[in-house]
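Okay, structure first, notes after.
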Amino acid sequence: MTLKEEYQKTILENLKKELELNSIFAVPKIEKIVINMGIGRNRDNKQFVEEAINEVTMISGQKPALRKAKVSISNFKLRQGQLAGISATLRGDRMWDFYEKLVKIVFPRMKDFRGISPKSFDGAGNYNIGFSEQIIFPEIDANKVIYNKPLQVTISTTAKNDEDAYKLLKALYMPFREEKNRLCQRNHK
């Protein structure tokens with residue numbers, strides 16, 4: 001059984017009870033997953049950009065969009081309209097496949113992995129994960145990589161707050177690191 005099927009058959013009902021909701025439609029769900037890779041000062045290096053596009057394509061299963069700078073930032077030597085990064089937005093089955101791969105394959109492959117921080121929520125029920133290099137994903141052949149490139153994964157949920165989003169992702173096997181008074185300390189400040 002896939003994680004999507006398990007969510008629809010059992011996790012959805014369990015979350016409805018745990019969150020004390022009246023309707024199954026009020027239960028939070030994952031809306032989309034966005035994979036971002038910044039290009040930075042390598043925007044003029046065609047080999048770097050080509051490799052980044054190919055790697056995000058392999059990781060996400062779809063061709064990424066090129067993101068151009070909306071404003072000029074002199075400190076980063078970035079002009080409006082220049083390439084700033086690439087991103088792929090996953091929805092539907094691709095989103096579920098990527099999430100399942102992330103939880104069941106990518107995190108267990110990480111060296112000295114002790115769980116991810118439960119503090120990376122944005123206040124609106126979305127969760128961000130940063131990876132220092134792309135070779136952690138099984139599609140990437142480390143022997144063929146010329147440049148290490150960090151990337152960010154954003155999991156957008158329909159949860160109204162971080163606590164509900166945490167419960168959703170925890171139910172979907174996100175390997176959070178256990179911390180004492182995790183969100184309680186954050187909410188009481």
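Do we have GLN152 as surrounded by 17 or more Cβ atoms within 10 Å (Cβ to Cβ) and within 16 Å of the chain's Cα centre (by Cα) here? So GLN152 does not fit the description; no.
Assessment of segment 92-104 against the conditions (crowded, with 19+ Cβ neighbours inside 10 Å, within 16 Å of ARG43 (Cβ to Cβ) and not aromatic (Phe, Trp, Tyr)) yields no matching residue.
Cβ-Cβ contacts under 6 Å between residues 6 or more apart (or on different chains), taken from a first residue in segment 146-167 that is under 16 Å from ALA26 (Cα atoms) to a second residue that is surrounded by 15 or more Cβ atoms within 10 Å (Cβ to Cβ) and among the hydroxyl-bearing types (Ser, Thr, Tyr), are listed as ALA165/THR157.
Count of segment 66-118 residues, restricted to those that are part of a loop (DSSP other than H, G, I, E, B) and in contact (Cβ under 8 Å) with a residue 40 or more places away in the chain, is 6.
Mind listing whichever residues of segment 151-179 are within 30 Å of ASN45 (Cα to Cα) and at pLDDT below 90?
Taking segment 151-179 first, the residues within 30 Å of ASN45 (Cα to Cα) are 151-155.
Listed by number, the list is empty, since nothing qualifies.
Which one is surrounded by the most Cβ atoms within 10 Å (Cβ to Cβ), of the residues in segment 108-144 that are of a type in the set (Ser, Thr, Tyr) and under 22 Å from ALA165 (Cα atoms)? Residue satisfying both the conditions and the ranking: TYR127. If the condition is being among the acidic types (Asp, Glu) and at pLDDT 90 or above, then segment 1-58 contributes GLU5, GLU6, GLU13, GLU18, GLU20, GLU31, GLU50, GLU51, GLU55.
The values are calculated or read from the model by the stated rules, or taken from the named source; none is laboratory data. All figures in this text were calculated on a predicted structure; none of them were measured in a lab. Note that we place each Cβ from the backbone using ideal geometry, even for glycine, and neighbour counts take in every protein chain shown.
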